[in-house]
Amino acid sequence: MVGTRIMQSRRDFSMLQKVLMCITVFPLFNSTVCKAGELSESGSLFSFIRAVDPKNALGIEWNGFIPHPCSNHWKSIKCSLGATTITEVRLENLSLCGIIDAKSLCKLPKLRHLSLAKNQIHGSIPDSISKCTSLKHLDLSNNLLNGTVPVALTKLKNLRRLDISNNHFSKVAQYPKQESRLPNSYATNSSALQSNASNKAKNITVAPSPQLDVYGHEQRHHKAHEKWKSWMPVVFGIAFFVVLIFFVNMKAAKLANDKEILKALAHSPLKSPPTKTTDEVKPEERCSDLVFFVGEEERFKKEDLLEAAADLKSQGFFGSLYKVQLNNNALFAVKRLKKLQVSFEEFGQTMRRIGNLKHRNILPLVGYNSTDEEKLLIYKYQRNGSLLTLLENYINGKRDFPWKLRLSIAIGIARGLDFIYQKCGDWDIIPHGNIKLSNILLNENEEPLISEYGYLKFFDPMTACLFNSNGYTAPEKILSEKADVFSFGVILLELLTGKLVEKSGLDLPKWVRSMVREEWTGEVFDGEIAKVEMYAFPLLNISLKCVADFPQERPTVAEVLEKIEEVVNEQEDLSTPMTSTESNPQDCCSLHYNMPETPGSKQ
């Protein structure tokens, strides 16, 4: 009887709830409550784009499917490293002729940079732009905007640069000095007013001559306030019904729970509530804090890294590479690796070993972060790019690539590899396994830095995707010193011939051997190397030994370095002896015995 009454009570409550929602909530707020819900970032962005591009000059197919705004197809959109929030929108010189939907735009919470310059956008700047509180750079120059410049622009506390020049604004407001955040300096086509000294540090450039209609803005604000007051009784009424429904629902749930307990007591021989079995506890995912190998002044927090603007530079089997700029404008290259075949502890131990290796020709590891699912490796960003970029620019006639620079790069790579293969104590040597032009970076002095070192051993070496026909892989397809010697030999051939392997798939060793066999050896060298053939021939002999088909026929890294140094010593002005910034075998071994413990690890 009690159970029947409880069930009847719940049915009555459910019916009451439906009736209340139908007669009260739905008619009044069908058009307002739904609109008040926050759109997703994707929806907000595409609502803004549809307003600013009504003629679809961007060529977007609006078929009801909204692609992820952080996908690679949207080069005008930049996102944070975690690809979770949009940070920049650049739609410049794209013949956009719509209006600015600031209401949708400002639903992007981390938007810092917006540029719509050089379009035909008309209408006025809406007051709702004041909701874009994260904006730091706003460029609306060279459009057809008109009306008055809204006071809302003065409420953007984080704004550092504003350009609304070359539009058709009608007047400029007279700001009370204590309220205005915009400077009195205006970038115009013909004149500029005196800058307000208190705002010089903001470096904000604003449009020509318009006045902000302060009083009109206050009047609109007053009307909005009156409209809000008229809605307040309805809002409070709805709030009351929601609270009432909540408590009624809690009461019904409590009655149902009591019924279940009584039912359990009835079937229990001990007349006591059954004890709950302990759920199996899943192992908590392990995660390390950021582990650094640089000084305290160069360190930062993981949140700073994940929220920074990040450009995806490349994506492949090994992971993704991002160019990341922190708020302090420091640039880093971040390698994101997933599903490595390595334990949490082994990865941390290996990274600490690599992070403590210091050599002028190996790209230093700034720090790392590790979880069971993915790893982040952090390096300093090298503005000069890679050896691949340098050789491509030379082939396309964009720069010179003289013999001396090629020889200094060759010996720098050899010295870095020789350091890797120096035996230190009980450590097992870690082969590189992925030597190629794009993994040889150049510092500010165009000295080579070997990158991507240390983690390739965590992938399955027999995976077909790993050892594809990229022109650098040794025939035996294993991780070893002799395999790295083969890859280095291919790089030497590229430096001598001026031919690229990485993007063309050319079998360069086979081509060079055929030229030598036909006694056309002089035709192997490119135009720049042909000027110094007497020095290039010994280097050609070294490279052909490196690319021998069988590992036992190839020299060791130490032997290769010795031969190249002989060539360098014949040209004394190219000789670059090891400096104090390089490590030696003794330094390497000392790092083994003074290995720091993992800082910030959480088991």
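The values are calculated or read from the model by the stated rules, or taken from the named source; none is laboratory data. Model, not experiment: these values are computed from the prediction. A quick note on method: Cβ atoms are made from the backbone with ideal geometry, for glycine too, and the neighbour counts reach across all protein chains shown.
Odds and ends about this structure:
- Check on Cys132, closer than 25 Å to Asp311 by Cα and buried (at least 21 other Cβ atoms within 10 Å of the Cβ): yes
- Scan of the stretch 447-480 for residues that are modelled with pLDDT of 95 or more and of a type outside the set (Val, Ile, Thr), ordered by number: Glu447, Pro448, Leu449
- Exactly one residue among Lys107, Lys118 is among the basic types (Lys, Arg) and farther than 21 Å from Ala309 by Cα, and that residue is Lys118.
- Test for Val568: is it modelled with pLDDT of 80 or more and closer than 22 Å to Leu363 by Cβ: no
Yes/no per residue for (1) touching a strand residue (DSSP E or B) at 6+ places or on another chain (Cβ under 7 Å); (2) under 16 Å from Ser44 (Cβ atoms); (3) of a type in the set (Lys, Arg); (4) modelled with pLDDT under 90:
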residue: Cys79; (1), (2), (3), (4): yes, yes, no, yes
residue: Gly82; (1), (2), (3), (4): no, no, no, yes
residue: Thr87; (1), (2), (3), (4): yes, yes, no, yes
residue: Asn93; (1), (2), (3), (4): no, no, no, yes
residue: Ala102; (1), (2), (3), (4): no, yes, no, yes
residue: Leu108; (1), (2), (3), (4): yes, yes, no, yes
residue: Leu114; (1), (2), (3), (4): yes, yes, no, no
residue: Asn119; (1), (2), (3), (4): no, no, no, no
residue: Ser128; (1), (2), (3), (4): no, yes, no, yes
